[in-house]
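J.: Here it is: the structure, laid out below.
Rule-based calculations on the coordinates, nothing more; no lab input. Note that the structure is a prediction, hence the values are computed from the model and not measured. Cβ sites come from the backbone with ideal geometry, for glycine too, and all protein chains shown count toward neighbours.
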Amino acid sequence: MEETLHVTLVANAGVVLEYRGTKLLVDGIYGRGDHPFSNLSPETWREMKAGEGLFQDIDYLLFTHAHPDHFSPQMTMEYLKERKVKGIFLPQTRSVRECGMAEFLQEHKIPAAFLTQETDRMGFRVENGITVRPFSTLHLDKKYHHVHHFCYLISFGEKNILLCADVDYTSEDFSRMRRFPLRAVFVNPLFYSELHRRRFFHGELKADTVCVYHVPFSGEDGTMGVRPRLANDMVKFYGSQETCVLCESRQHIEL
């Protein structure tokens with residue numbers, strides 16, 4: 001019988017994925033930049049650096065792109081001074097180069113995969129039964145097309161999950177990923193809406209479960225109105241596909 005994949009929301013698009021005792025933290029170290037999304041709470045950041053509770057024995061860090069609501073180089077180096085990991089995946093960007101991250105990782109002998117066009121679709125077998133495949137994609141909105149953005153297709157045994165972060169679904173049709181049957185796909189609220197309305201998305205993305213993340217916490221939505229729009233979409237598209245919404249800290253699902 002296939003073992004359970006545990007998924008726990010940290011904040012925004014930050015999730016902990018645990019399978020057979022191995023933990024991956026994706027887009028989970030950030031929060032000191034100018035952005036309108038929910039940050040790590042001070043207590044969560046303290047627990048993370050202390051390696052307590054959910055954050056005990058994090059094995060791998062993965063980052064989809066270098067926007068401040070997904071990744072902070074300074075906080076990541078601060079974290080790595082306190083906690084050891086087996087490896088890190090992150091886009092090769094100017095901000096990463098200029099902050100001294102590469103030198104830091106080399107000095108501390110932390111294996112790193114710096115993602116570029118050359119690493120597109122490359123399979124990294126990080127543990128027995130766990131393979132990470134980064135897919136280079138555009139970031140949603142033309143003004144962000146210069147941002148190095150990656151989706152992650154991660155295989156946990158026979159279970160494939162796809163984390164889309166802020167993919168430009170108007171240009172990406174996901175044909176490159178069709179040979180991987182998806183147990184779950186993680187999409188932001190804009191993409192979730194477009195999966196059903198199909199005004200700009202012309203590709204095909206089939207999964208047993210659609211998980212909506214990158215949602216501000218209750219009381220932190222501000223002027224964006226993400227939560228009420230998502231609530232309306234959930235009612236409108238109810239029953240069309242198995243769907244779950246990850247929108248509160250430490251919310252946990254099993255796949």
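J.: Charges only on Cβ, +1 for Lys and Arg, -1 for Asp and Glu: so what's the dipole of the chain about the Cα centre, in debye to the nearest 20?
T.: On the way: 30 positive and 34 negative charges, 97 e Å.
Dipole of the chain, to the nearest 20 debye: 460 debye.
J.: Follow-up question, since we're still on this one. At 7 Å along Cα-to-Cβ for each site, give me the label-to-label distance between residue 32 and residue 173 in nm.
T.: Calculated label separation equals 4.4 nm.
J.: Additional query: Taking R0 as 41 Å, what's the FRET efficiency between residue 116 and residue 238 from their Cβ-Cβ distance, rounded to 0.05?
T.: On the way: r = 41 Å, r/R0 = 1.00.
It comes to 0.50.
J.: Give me the one-decimal nm value for the distance between modelled label points at residue 104 and residue 56, 7 Å along each residue's Cα-to-Cβ direction.
T.: It works out to 2.7 nm between the two label points.
J.: For region 159-255, state which trypsin sites (Lys or Arg not before Pro) are in a DSSP loop and have at most 16 other beta carbons lying within 10 Å of their beta carbon. Walk me through the numbers before you get to the answer.
T.: On the way: sites: 159, 176, 178, 179, 183, 197, 198, 199, 206, 229, 236, 250; in loops: 178, 179, 198, 199, 206, 250.
Here the trypsin sites (Lys or Arg not before Pro) that fit, given the DSSP loop and packing criteria, are 178, 179, 198, 199, 206, 250.
J.: Once you order the gyration tensor axes a ≥ b ≥ c over the Cα atoms, which shape class does the chain get: rounded for a/c under 1.5, otherwise prolate or oblate by comparing a/b with b/c?
T.: Values: a/c = 1.35, a/b = 1.28, b/c = 1.05.
Rounded, since a/c falls under 1.5.
J.: Considering only lysines 8 or more places apart in sequence, or on different chains, count the pairs in the chain whose C-alpha atoms sit under 19 Å apart.
T.: Close lysine pairs found across the chain: 13.
J.: Please order 215, 96 by the number of other Cβ within 10 Å, starting at the fewest. Please list the in-between numbers first.
T.: Working: 215 24, 96 21.
Ordered from fewest to most neighbouring Cβ atoms within 10 Å, 215, 96 come out as 96, 215.
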